[in-house]
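Engineer: This is the structure, below, for whatever I ask next.
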Amino acid sequence: MELKEAISKITNELKNDSGYRESWKANIAMSYKDCEHWYKQKTGKRQLNKEDKHIIANDAAEHFLKLLCDEYKFGDGM
C-alpha cells in the first residue's frame, strides 16, 4: 500500500467511524494532559506561561507519535 493510500484510509475511517475518531481524539488529548502533568512535576510550576505551554504542546505531539508508532519500550519513564 502506498503512503497516499494509507493516509486516505486513515482519514476516511476518522471521518466515518465515530468510535475510531473518538479514540484518536482521546489519545491526542491525553498526550497533552500527561505531558502537562509531567512538566509541572519536573519544573515544580503550578502556573504555566505561553512558553511553558509551547514546550508541553511539542512534548505532547512527540509523545503521541511515539505511542502511535509503538516506540516505547517496557519500563520507559512515561
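Engineer: Regarding GLU71, is this residue of a type in the set (Asp, Glu) and modelled with pLDDT of 95 or more?
Structural biologist: no
Engineer: What tally of residues in region 1-25 results from selecting those that are acidic (Asp, Glu), closer than 25 Å to ALA60 by Cβ and more than 17 Å from the chain's Cα centre (by Cα)? Before the answer, list the steps.
Structural biologist: Keep residues of region 1-25 that are acidic (Asp, Glu), which gives 2, 5, 13, 17, 22.
Remaining after also requiring closer than 25 Å to ALA60 by Cβ: 13, 17, 22.
Then keep just the ones that are more than 17 Å from the chain's Cα centre (by Cα); that gives 13, 17.
Matching residues across region 1-25 total 2.
Engineer: For region 34-52, enumerate the residues that are surrounded by 13 or more Cβ atoms within 10 Å (Cβ to Cβ), within 14 Å of the chain's Cα centre (by Cα) and not aromatic (Phe, Trp, Tyr).
Structural biologist: The answer is ASP34, CYS35, GLU36.
The values are calculated or read from the model by the stated rules, or taken from the named source; none is laboratory data. Since this is a predicted model, take the numbers as computed values, not measurements. Glycine gets a Cβ as well: all are built from the backbone with ideal geometry, and neighbour counts include every protein chain shown.
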